[in-house]
Amino acid sequence: MNNFDCFIYNNGGMFLDLRLNYLNKYIDKSIIVVPKYKFLLKFWGLIGKKSMILVTGSAGYLGSHICKKLLDKNIPFYSIDNLSSGKFENVFRKGFFKKIDYSSKQIKKLLLKKKISIIIHAAAFTFPNESEKNKKKYFVNNIEKTIKFIKYCSEVKIKKFIFFSTSNVYEFGGDIIRSASEKANIKPKNYYGYTKLYIERFLKKENLFENLIILRIFNIAGFVEKFKYLEYKSRYRRIMPSIVSAINKNKSISIFGYQKKNCFSYATRDYLHIEDFTNLIIKLVNFKRNKNKIYNVGSGICYSLKDLINIFEKKLKKKIKCHLKILRKGELIYTFCNNNKIIKEIKWYPKKNLNKIISSTIDWSKVKKWKYLTVLYFLMKKI
């Protein structure tokens, strides 16, 4: 492929015709460069295909990574986001995205036009502490609008509906850390958890879809090596990017926990790598026998925030300045996933541990060329 002419999609939406030798200076070897004319044929072919999957919230952290994974696997999809919290730079542009609120009346037309048969509903507001301060915002978006969207999907006979719920529906608490199975006590401690539980019960009661999958998602973290040049360098409102940002700027970071007798105990979380998560989504999209299921999605291992800090310090060889603070209203003391059900039924296994999650976050923070390569990116299996 020496000296082939190639195309890459830049931030301004224009095609740049570059020589392969020049591209190799800027693009990681994991990115496949596609010869010009074959690329164009496949590009327009993909746009012309009838999309079968719709991803909502595609400008957010989970949604954007799901879209990249679908594209990587050559699975036809379409995506939407109202950009109220997600960033446009996170989405693929031509032919794959529309800025629209998922409760809009136009959604039905879009579902029919694109011949959507599977929904991955990732759109939501997701911050427990914020939900306690602004319940109206969470009610309107996570309940009212979601019910409208569900009804639109039902009316056009969507076959499979994958709904992103949360581990915040569980009654986590007490001095002993216990993992939660799908049969654990349900008692949300924040309004965000309540909104997700409300939709879970609405979906089960109405029984509108041939295949309904509810995912109670724990803490998804990290970034994908293959896509690191395609990541928009926004400040995700998550603990690990916040730690890296604080280190780079020589600032302190707030670490939350709770007072336990005469000592401070750090909050504990179950972290799952984003690549393990998107691999699961592909399995669920293709799986034929998952009618009306609820699954926990997590690694099955929990770590304290102190563990996180120790690993970051070891990898970066820097001391992190921490301010210890009591957990804010609505935040859980710990989360811990029992993932036995999904492992048994879907044959999916988390492969990346916390060390790899943290390493991928550090690598992501070092990439500075993203704005030149923000991108229409196609991974072609055979070129």
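The values are calculated or read from the model by the stated rules, or taken from the named source; none is laboratory data. What you are looking at is a predicted structure, and each value in this text was computed from that prediction instead of being measured. Ideal geometry is used to build each Cβ from the backbone, glycine not excepted, and the neighbour counts take in all protein chains shown.
General observations
- Residue check for Ile281: at pLDDT 85 or above and not hydroxyl-bearing (Ser, Thr, Tyr): yes
- Members of the range 178-193 that are surrounded by fewer than 20 Cβ atoms within 10 Å (Cβ to Cβ), without any contact (Cβ under 8 Å) to a residue 40 or more places away in the chain and either over 16 Å from Asn296 (Cα atoms) or of a type outside the set (Lys, Arg) (or both): Asn185, Ile186
- Scan of the range 123-164 for residues that are crowded, with 23+ Cβ neighbours inside 10 Å and among the hydroxyl-bearing types (Ser, Thr, Tyr), ordered by number: Thr126, Ser131, Tyr138, Thr146
- Between Ile247, Ile243, Ile239, the distinction of being surrounded by 15 or more Cβ atoms within 10 Å (Cβ to Cβ) and either modelled with pLDDT of 85 or more or of a type in the set (Gly, Ala, Ser) (or both) belongs to Ile243 only.
- Count of residues meeting criterion [in contact (Cβ under 8 Å) with a residue 60 or more places away in the chain and either at positive phi or in contact with a helix residue (DSSP H, G or I) (Cβ under 9 Å, 6 or more places away or on another chain) (or both)] in the range 275-326: 29
- Qualifying residue in the range 265-274 (condition: modelled with pLDDT of 85 or more and assigned to a helix (DSSP H, G or I)): yes
- Of note, Lys50 satisfies the criterion of being in contact with a Lys or Arg (Cβ under 7 Å, 6 or more places away or on another chain), modelled with pLDDT under 90, within 25 Å of Phe209 (Cα to Cα) and not in a strand (DSSP E or B).
- The range 295-330: number of residues that are modelled with pLDDT under 90 and in contact with a strand residue (DSSP E or B) (Cβ under 8 Å, 6 or more places away or on another chain): 9
- Taking strands (runs of 3 or more DSSP E) as the structural unit, those lying wholly within the range 64-177 and holding at least 2 residues that are in contact (Cβ under 8 Å) with a residue 60 or more places away in the chain and not acidic (Asp, Glu) correspond to 118-121, 160-166.
- In the range 285-295, the condition of being in a helix (DSSP H, G or I) and within 30 Å of Ile120 (Cα to Cα) is met by at least one residue.
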